[in-house]
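Peer 1: Got a structure for you, written out below as structure tokens; questions coming shortly.
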Amino acid sequence: MQIHIEPITDTSPVTLPEPLGFGNLFTRRVFTRRYEAGRGWHDASIGPRNNIALDPGAHVLHCGQAIFEGTKAYLRPDGRLGLFRPEANAERFNRSAERLAMPGVAPAEFIAAIEALVALEHAWAPRGEGASLYIRPVMIATEATLEVRASRSYLHYIVLSPAGPFFASGFQPVAVRVEEQHVRAAPGGTGAAKTIGNYAGSLAATEAARAAGYQQVLWLDAQERRFVEEAGAMNVAFVYGGTEVVTPALSGSILPGITRDSVLRLAPDLGYAVREARLDVDEVLADITAGRITEAFCMGTAAVIVPIGRFGRHARDVVVGGGVAGPVATRIYRALTDIQYGRADDPYGWTRAVEPAVSVVHGAA
Ligand code: PLP
Ligand code: COI
């Protein structure tokens, strides 16, 4: 893959606002690459982040054939940026593409595109607790057609967003309401793929939970409305007896999180047992009340680890771990973020440093 680098006109020094917030600020460049059936991927380029021109009949606007990823570049003590398991995002992108009948992207090219863009936009990487350059690779169907079939053309693009902590409160417990009415995903559906419709379908429940004083919803399985699946757009885990981390087993309708997978690998090295299980929500709430569950937390790239302070169900609240961040979530958060920010050794080989593209920051290459 040859990436054509176009100059950008705005080369004024980067100044980041304070606080940064999450997801509302973008860097000046975007990576784009086009796909046509019969021709394959072509025209990879990095250039100014202009509006995308789409025919009003573009397939993505009607059928929603679109997938995305989320990963981050972390500023390391040596001033370089580090990526965290981008090959896992590449694999998931391709699994999502397959589920949505979209073309795959060679993992090495998916990562090379991220690296090239991040290297050029190095100056936008924020410093500070929970801060990162959030990376959003996307693929959308661009063919103008109202037919309900796979599009014959696609756009793969990547935007970067200098971001503060996902929750403005940082590493503070959030309140989660058990969702009774809506489901996020069903067996055989698209829940294990990172496709935009999953998020659109989650908004009504999330807005209602927010209006009722909660930050997230706890999704239950679609068939029995009984088994815990995810917490908002994050995976969820419970700590039993202060020593065992238990997370819902991947059911086919749960998104296989990279943070979740990292926690399952890291926690045993911190001395905790780990288990993937089917978790009945009523048993979970009873175990919280009885003190058998000592902590609960969410896991996802955006927030990394967020403690859960209380669950709401049937207009009642159940407080977990005294409503404060517990020691297990705190230790896992520290250990994982120390690796991500390059403050600790990485025995798992999860991180890779990106050298800044100093010589081409302002244009031609
Ligand atoms: N579940 C959903 C629905 C998500 O959107 C995400 C975020 O990508 C996650 C879980 C966590 O996945 P990861 O840890 O790979 O970010
Ligand atoms: C996550 O990283 O946990 C997310 O779900 C990202 C979100 C902004 C879609």
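The values are calculated or read from the model by the stated rules, or taken from the named source; none is laboratory data. Here the structure is a predicted model, which is why all the values come from computation and not from measurement. All Cβ positions, glycine included, derive from the backbone under ideal geometry; neighbour counts span all protein chains shown. Heavy atoms of the whole protein, side chains included, go into the accessibility calculation; ligands, DNA and RNA do not. Shrake-Rupley method; radii C 1.70, N 1.55, O 1.52, S 1.80 Å.
Peer 1: Step by step: first the residues of the range 273-301, then only those that are open to solvent by 30 Å² or more (accessible area, probe 1.4 Å) and in contact with a helix residue (DSSP H, G or I) (Cβ under 7 Å, 6 or more places away or on another chain), then the one that is nearest to ligand 2 (Cβ to nearest atom). Which residue is that?
Peer 2: THR301
Peer 1: Now a separate question. Restricting the range 326-343 to residues that are away from ligand 1 (no atom under 16 Å from the Cβ) and open to solvent by less than 40 Å² (accessible area, probe 1.4 Å), which is farthest from TYR214 (Cα to Cα)? If you could, list the steps in order and put the result at the bottom.
Peer 2: As a first pass, look at the range 326-343 and keep what is away from ligand 1 (no atom under 16 Å from the Cβ): 326-328, 330-331, 334, 338, 341-343.
Checking which are open to solvent by less than 40 Å² (accessible area, probe 1.4 Å) leaves us with 326, 328, 341-342.
Working: GLY326: 19, VAL328: 23, TYR341: 30, GLY342: 33 Å.
For the range 326-343, the residue satisfying everything is GLY342.
Peer 1: Scan the range 154-166 and tell me whether some residue there is within 22 Å of GLY323 (Cα to Cα) and either within 16 Å of ligand 1 (Cβ to nearest atom) or assigned to a helix (DSSP H, G or I) (or both). Reasoning before the result, please.
Peer 2: Of the residues in the range 154-166, the ones within 22 Å of GLY323 (Cα to Cα) are 165-166.
Imposing the further condition that a residue be either within 16 Å of ligand 1 (Cβ to nearest atom) or assigned to a helix (DSSP H, G or I) (or both) reduces the set to 165-166.
Within the range 154-166, one or more residues are within 22 Å of GLY323 (Cα to Cα) and either within 16 Å of ligand 1 (Cβ to nearest atom) or assigned to a helix (DSSP H, G or I) (or both).
Peer 1: Here's another thing I want to ask about it. Which strands (runs of 3 or more DSSP E) sit wholly inside the range 1-93 and have at least 1 residues that are on the phi < 0 side of the Ramachandran plot and more than 16 Å from ligand 2 (Cβ to nearest atom)?
Peer 2: Because the criterion is at least 1 residues that are on the phi < 0 side of the Ramachandran plot and more than 16 Å from ligand 2 (Cβ to nearest atom), the strands (runs of 3 or more DSSP E) in the range 1-93 that meet it are 29-36, 40-48, 71-75, 81-84.
Peer 1: Residues that are of a type in the set (Lys, Arg) and within 28 Å of PRO162 (Cα to Cα): does the range 287-294 have at least one?
Peer 2: Among the residues of the range 287-294, not one is of a type in the set (Lys, Arg) and within 28 Å of PRO162 (Cα to Cα), which makes the answer no.
Peer 1: Looking at the range 235-244, can you tell me whether even one residue there is of a type in the set (A, V, I, L, M) and open to solvent by 50 Å² or more (accessible area, probe 1.4 Å)?
Peer 2: no
Peer 1: Which of the numbered conditions does ALA53 fail, given that it passes all the others? Conditions: (1) free of Cβ contacts under 8 Å to residues at least 60 places away in the same chain; (2) surrounded by 12 or more Cβ atoms within 10 Å (Cβ to Cβ); (3) among the aliphatic types (A, V, I, L, M).
Peer 2: ALA53 satisfies every listed condition except (2).
Peer 1: Any residue in the range 19-39 that is within 30 Å of ALA344 (Cβ to Cβ) and exposed (fewer than 14 other Cβ atoms within 10 Å of the Cβ)?
Peer 2: Scanning the range 19-39 turns up at least one residue that is within 30 Å of ALA344 (Cβ to Cβ) and exposed (fewer than 14 other Cβ atoms within 10 Å of the Cβ).
Peer 1: What number goes with the only condition from (1) over 18 Å from the mean Cα position of the chain (by Cα); (2) assigned by TED's automatic domain parsing to the domain that holds VAL284 that LYS194 does not pass?
Peer 2: All conditions are met except number (1).
Peer 1: Then there's this: May I ask you to list pairs of residues, at least six apart or on different chains, whose Cβ atoms are under 7 Å apart, with the first in the range 254-278 being without any contact (Cβ under 8 Å) to a residue 40 or more places away in the chain and the second being assigned to a helix (DSSP H, G or I)?
Peer 2: Between residues of the range 254-278 that are without any contact (Cβ under 8 Å) to a residue 40 or more places away in the chain and residues that are assigned to a helix (DSSP H, G or I), the close pairs are VAL274/LEU264; VAL274/ALA267; VAL274/PRO268.
Peer 1: Now, a different point. Could you tell me whether the range 171-189 includes any residue that is on the phi > 0 side of the Ramachandran plot and touching a residue at least 24 places away in the same chain (Cβ under 8 Å)?
Peer 2: yes
Peer 1: Quick one: in the range 122-147, of everything that is in a loop (DSSP other than H, G, I, E, B), aliphatic (A, V, I, L, M) and open to solvent by less than 20 Å² (accessible area, probe 1.4 Å), which residue is nearest to LYS194 (Cα to Cα)?
Peer 2: Residue satisfying both the conditions and the ranking: ALA131.
Peer 1: Give all pairs with beta carbons closer than 6 Å in which a residue from the range 337-365 that is modelled with pLDDT of 85 or more meets a residue that is in a loop (DSSP other than H, G, I, E, B); count only pairs at least 6 apart in sequence or on separate chains.
Peer 2: Going by the 6 Å Cβ cut-off, the qualifying pairs are ASP338/ALA344; ILE339/ASP346; GLY342/ARG76; TRP350/ARG85; ALA353/ARG80.
Peer 1: Out of (1) among the polar types (S, T, N, Q); (2) modelled with pLDDT under 95; (3) near ligand 1 (Cβ under 10 Å from one of its atoms), the odd one out for SER251 is which?
Peer 2: (3)
Peer 1: With the structure loaded, tell me whether GLY252 is closer than 21 Å to GLY191 by Cα, open to solvent by 20 Å² or more (accessible area, probe 1.4 Å) and in a loop (DSSP other than H, G, I, E, B) or whether it fails that test.
Peer 2: In short, yes.
Peer 1: Continuing with this model, one more query. Is it true that LEU160 is open to solvent by less than 60 Å² (accessible area, probe 1.4 Å), farther than 16 Å from GLY64 by Cα and touching a strand residue (DSSP E or B) at 6+ places or on another chain (Cβ under 8 Å)?
Peer 2: yes
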